[in-house]
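**Q** Provided herewith is a single structure, encoded as C-alpha cells, for subsequent inquiry.
The values are calculated or read from the model by the stated rules, or taken from the named source; none is laboratory data. Please read these numbers as outputs of a predicted model, since none were measured by experiment. Methodologically, a virtual Cβ is constructed for each residue, glycine included, from the backbone with ideal geometry; neighbour enumeration extends over all protein chains shown.
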Amino acid sequence: MAGEGGAVHSIEVTVNGETHQVAVEARRLLVHFIRETLGMRGTHIGCDSGNCGACSVICDGQLIKSCMMLAVAAEGCEIETVESLGEGADGLDPIQAAFKEHHGLQCGYCTPGFLLNAKTLLAENPNPSEAEIRRALKGNLCRCTGYVNIVRSIEAAAEAMR
Amino acid sequence: MLLAPTEYVRPGSLEEAIDELGARPGARVLAGGQSLINVLKHRAASVELLVDVSRLAELRSIDVAADGSARIGAATTYRELEHSAPLRASHAIIGRVAAGTVDRQVRARGTIGGNACFADPASNYPPLLVALGAELEIAGRGGTRSVAAEDFFLGLWRTAVGPGEVLVAIKLPPLGGAGVGYRSLQIAADSWALARAAAWVGPGDPIDAARVVLGCVAGTPVRASAVESKLIGGPRSAQAAAEAGALAVEGLDPPSDVHASGGYRRAMAAVMAARAVGDALGLAEEVASNGR
C-alpha cells in the first residue's frame, strides 16, 4: 500500500504490555509512533539525532534510542516506555522515588530517558559502582543538574531495590 | 523528524534480501540503523527501498572454529560482540572495542557490518579489521565473494559492496601466537577520536610479521608501512615499539577540523601507533613510561 508519505505497513507492537495493531508509514520513526500514533507523550524528543537519549525506551529488554529506529522495524517487539513505571505504593517506581528524593531532575525533560537507562542498568547490574553508573549514562544528556544528583539517585535506587 | 517517503521490507532469508536488493537500484540495506537513520533524517541519501537485514539468522551468528578463526555475521550487534565468550577467547579485541563504542543504546542496535559498510574514517572497526587481516564476505545475485579488509574500504563512506550486494560476514584468521593492540585518542569517553591505531604483531622473535594500521587520518584506514618495516627483523622491546611508532608520521597528511589540526593528528597517530605496538608486544607499561 502506498500513499503520499510512501509505503504503509500494518505492524503489531506491544507497548507497556498492551498490543497495538496499527498502520504506519515505513518512514515513521519509533519515537513518533509512540508519541503521536499511540499518544504516549512521556517519551521525549531532544536532539532528534541520536545524541541526547531523551527518547530512550526499552525494546525487548534493551535500552535503545527511539529516534534512531523505524516503527516498522519494531514489529513484534516489546517496548517499555516511562509510562510503564510508577506502580509502587505511592505511585512511584523505586527509581522514580530515588530521583525525587535526591533531586535527580530539574526541568525533567531528559528524565524519562534516565529513568529507563537506570532500569536496564540495575536489571543487569544490581550493584553498580559510581564509575559503572556514569559510563552507563553516557548516552543520556542532562543540561540542568550536572549528573551528580542523577548518579546519587541511581545509587539510592540500587540500594532500595537490593 | 520526518524522513522522505520510502518503502521497507524485512526479508525472511538472505536469498530474499539479495532478490530485493537486486531488483531495485534505489534499494539499500538497513541493519541497526544507528548511522543510516541519521543519513535519512538529513536526506543526505535518497533510498527507495530499505531492506532490513537486522533479523536475518544468516547474518547474526558468531562462529569460532577449532583453529581459532572466527566468522562474525554482519548484523551482529556491538552488544553481542561485547558478550560473546567464544569471541573473547579467539579475538578479545573485537569485544573490547565494541564495549567502548558510543553508548549502551547504540551498542544494543548498531552492528559491526553496518559500521564497516558505513566506512566512516573515524570509526573503530575499519583500521582494526585491516590489522587483523579480516576478509569480508559479500553476497549478491552473482554469488558470494570475499574481499580483504585492506581492499574493502575505498574512500570516505565508500566500500567494495556494490549495488545489489550485501555484506554477510566478517571472517577473522586465527591469531595463533600473534599479539594485537588497539589505541585511540578520544575526544571523550567511548567517543570519536583524533587518531586511532591498530597493531597486529606475529609471534616471532625477532619480529617476523607486523601490520600497523591508522584510523582518523585519511578517507580510509592507512597501513603504516614504515612502522611495519622497522619492526620486522627487530627485537620485541619497548624501545623498538617506540622507535617504529614514531615513523607512522611518514607520508601522512591528515585533515584539520574543529577538534584538531592536521599536524596534531599526525603527531598523535605516531603516539597511538607506538602504544598499539607496545600492547601487541605485551609491553604497554614500558612503552608508556618511555614517554611515548
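**Q** Within segment A:2-26, track down each residue that is more than 8 Å from chain B (Cβ to nearest Cβ), touching a residue at least 12 places away in the same chain (Cβ under 8 Å), under 18 Å from A:Gly76 (Cβ atoms) and not hydrophobic (A, V, I, L, M, F, W, C).
**A** A:Ser10, A:Glu12, A:Thr14, A:Asn16, A:Gly17, A:His20 - these are the residues of segment A:2-26 that are more than 8 Å from chain B (Cβ to nearest Cβ), touching a residue at least 12 places away in the same chain (Cβ under 8 Å), under 18 Å from A:Gly76 (Cβ atoms) and not hydrophobic (A, V, I, L, M, F, W, C).
**Q** Which of the residues spanning segment A:107-141 are in a loop (DSSP other than H, G, I, E, B) and under 14 Å from the mean Cα position of the chain (by Cα)?
**A** A:Gly108, A:Tyr109, A:Cys110, A:Asn140, A:Leu141
**Q** If B:Val258 meets every condition in (1) in contact with a Cys (Cβ under 7 Å, 6 or more places away or on another chain); (2) exposed (fewer than 14 other Cβ atoms within 10 Å of the Cβ) apart from one, which number is that one?
**A** In the conditions (1) in contact with a Cys (Cβ under 7 Å, 6 or more places away or on another chain); (2) exposed (fewer than 14 other Cβ atoms within 10 Å of the Cβ), B:Val258 misses (1) alone.
**Q** Going through segment B:233-252 one residue at a time, which ones are over 24 Å from the mean Cα position of the chain (by Cα) and in a loop (DSSP other than H, G, I, E, B)?
**A** Selection gives B:Gly233, B:Gly234, B:Pro235, B:Arg236, B:Ser237.
**Q** Restricting to segment B:188-200, count the residues that are within 12 Å of chain A (Cβ to nearest Cβ) and of a type in the set (Gly, Ala, Ser).
**A** The total comes to 3.
**Q** Between B:Leu185, B:Leu128, which is part of a helix (DSSP H, G or I), out of contact with any His (no Cβ under 7 Å at 6 or more places or on another chain), away from chain A (no Cβ under 14 Å) and more than 30 Å from B:Ala23 (Cβ to Cβ)?
**A** B:Leu128
**Q** Moving to a separate point now. For segment A:57-78, enumerate the residues that are more than 9 Å from the chain's Cα centre (by Cα) and either more than 8 Å from chain B (Cβ to nearest Cβ) or aromatic (Phe, Trp, Tyr) (or both).
**A** A:Asp60, A:Gly61, A:Ala71, A:Ala74, A:Gly76, A:Cys77, A:Glu78
**Q** Which residues, taken from segment A:52-106, are touching a residue at least 24 places away in the same chain (Cβ under 8 Å), assigned to a loop (DSSP other than H, G, I, E, B) and within 30 Å of A:Arg27 (Cα to Cα)?
**A** Result: A:Cys52, A:Gly53, A:Ala54, A:Cys55, A:Gly61, A:Met69, A:Ala71, A:Glu75, A:Gly76, A:Cys77, A:Thr81, A:Leu85.
**Q** Sticking with this one: Go through (1) buried (at least 23 other Cβ atoms within 10 Å of the Cβ); (2) away from chain A (no Cβ under 14 Å) for B:Ala75 and report which single condition fails.
**A** (2) is the only condition that B:Ala75 fails.
**Q** Which condition breaks for A:Thr43 when tested against (1) touching a residue at least 24 places away in the same chain (Cβ under 8 Å); (2) more than 25 Å from B:Gly100 (Cβ to Cβ); (3) assigned to a helix (DSSP H, G or I); (4) among the polar types (S, T, N, Q)?
**A** Condition (3) is where A:Thr43 drops out.
**Q** If B:Ala74 satisfies all but one of (1) within 22 Å of A:Ser49 (Cβ to Cβ); (2) in contact (Cβ under 8 Å) with a residue 24 or more places away in the chain, what's the number of the condition it fails?
**A** Status for B:Ala74: all satisfied but (1).
**Q** For segment A:91-129, which residues satisfy the criterion of being among the acidic types (Asp, Glu) and within 14 Å of chain B (Cβ to nearest Cβ)?
**A** Hit for segment A:91-129 is A:Glu124, nothing else.
**Q** Can you tell me which residue in segment A:47-56 is nearest to A:Thr19 (Cα to Cα), limited to those that are more than 9 Å from every other protein chain (Cβ to nearest Cβ) and buried (at least 21 other Cβ atoms within 10 Å of the Cβ)?
**A** By that ranking, first place goes to A:Cys55.
**Q** Another one. Mind checking whether some residue in segment A:57-80 is more than 25 Å from A:Gly17 (Cα to Cα) and either buried (at least 20 other Cβ atoms within 10 Å of the Cβ) or at pLDDT 95 or above (or both)?
**A** The answer is no, given that none of the residues of segment A:57-80 is more than 25 Å from A:Gly17 (Cα to Cα) and either buried (at least 20 other Cβ atoms within 10 Å of the Cβ) or at pLDDT 95 or above (or both).
**Q** Let me ask something additional. Pick out the one residue from B:Ala31, B:Ala92 that is closer than 17 Å to B:Val161 by Cβ and of a type in the set (A, V, I, L, M, F, W, C).
**A** Result of the check over B:Ala31, B:Ala92: B:Ala31.
**Q** Right, here's the next one. From B:Val271, B:Val217, which residue is crowded, with 24+ Cβ neighbours inside 10 Å, within 30 Å of B:Trp157 (Cα to Cα) and within 21 Å of the chain's Cα centre (by Cα)?
**A** Among B:Val271, B:Val217, only B:Val217 is crowded, with 24+ Cβ neighbours inside 10 Å, within 30 Å of B:Trp157 (Cα to Cα) and within 21 Å of the chain's Cα centre (by Cα).
**Q** Just to be sure before I move on: is B:Val97 under 18 Å from the mean Cα position of the chain (by Cα), of a type outside the set (S, T, N, Q) and either more than 10 Å from every other protein chain (Cβ to nearest Cβ) or assigned to a helix (DSSP H, G or I) (or both) in the structure I sent?
**A** yes
**Q** Would you say B:Leu185 is out of contact with any strand residue (DSSP E or B) (no Cβ under 6 Å at 6 or more places or on another chain), buried (at least 18 other Cβ atoms within 10 Å of the Cβ) and at pLDDT 95 or above?
**A** Against the criterion (out of contact with any strand residue (DSSP E or B) (no Cβ under 6 Å at 6 or more places or on another chain), buried (at least 18 other Cβ atoms within 10 Å of the Cβ) and at pLDDT 95 or above), B:Leu185 does not qualify.
**Q** Right, next: Is segment B:186-194 home to any residue that is over 16 Å from the mean Cα position of the chain (by Cα) and farther than 22 Å from B:Val97 by Cα?
**A** no
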